[in-house]
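Below is one structure, written out as C-alpha cells; the observations come after it.
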Amino acid sequence: MAYVIKRYSNRKLYDTQESRYVTLEEIEEMIRTGKEISVVDAASGEDLTGVTLTQIILENQRSHRGGLPTGFLHQLIKHGEAWQDFLQRSMKSSLEGVISNQREMERVFQEWMSRAGWGSMMAGAGLGTRSEPKRDGTAEVDADRLREEVAALRERLKSLEERLEKRKAQPK
C-alpha cells in the first residue's frame, strides 16, 4: 500500500499514515527504504507524485548529491514529450530487468544455501525457508515486514559498498 502524502497550498507535506508533516528529504528516505509514495493535492486530490519526485531529484542536483549530465538535460528539454516518453519506456523496461535479475539472484542464493545445508540455520533468521500462507490474514503483514527488512538490508549493503569505494579511493 502506498504512503499517501498530502500537499497543501502552503507547500507543506503531510504524511497521512503517521499523522505528521514531512520534508522532501524524509520522503526521499522513505522511498530509499522501499516505501511506495503517493503525493496528492489536499484540496483537489490531483496526483502530484511525479512533480514531487522530480523536485527531490532537482534538490539532489542542486546539492550535488547526484547529477544528471548537462547534455542529457539539454536533450530532454529539446525533444520534449517524445524524449520523455522514450525515457519512461526505457527506464520501465530497465527496472523490470533489474527486478527480474534480483529475483533470479535470490532464487539462486536460496538454492545455494539449501545445497550448502544452511537452510535450517537461516530459518531462525527469517531467511532461507518459505512457509505456507497463514489463514488468519497475517501472511500479508509478514510479507510487508519481509519487504521492509529486505529494503533495509539493501540500503545497508549500498551504504557499506559506498564506504568501501571511498576507502579504495583514498590515497595510501
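What the table shows:
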| item | result |
| --- | --- |
| Estimated distance in nm for a label pair at Glu162 and Glu106, the labels positioned 7 Å out from Cα along Cα-to-Cβ | 2.3 nm |
| Quarter of Cα convex hull surface for the range 1-74, i.e. mean projection, nm² | 5.8 nm² |
| Reachable lysines, given that their alpha-carbon falls under 18 Å from the alpha-carbon of Lys166 and they are not under 8 places away in the same chain | Lys158 |
| Spacing of the two label points (7 Å from each Cα toward its C-beta) at Glu25 and Ala82, in nm | 4.2 nm |
| Sequence-distant residues sharing a close amide H with Tyr3 (under 5 Å, placed H) | Glu36, Ile37, Ser38 |
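The numbers here are math on the coordinates, done by the rules we state, and not lab data. If you're wondering where the values come from, they're calculated on a predicted model, not measured in any experiment. Here the Cβ is made from the backbone with ideal geometry for all residues, glycine too, and neighbour counts use every protein chain on show.
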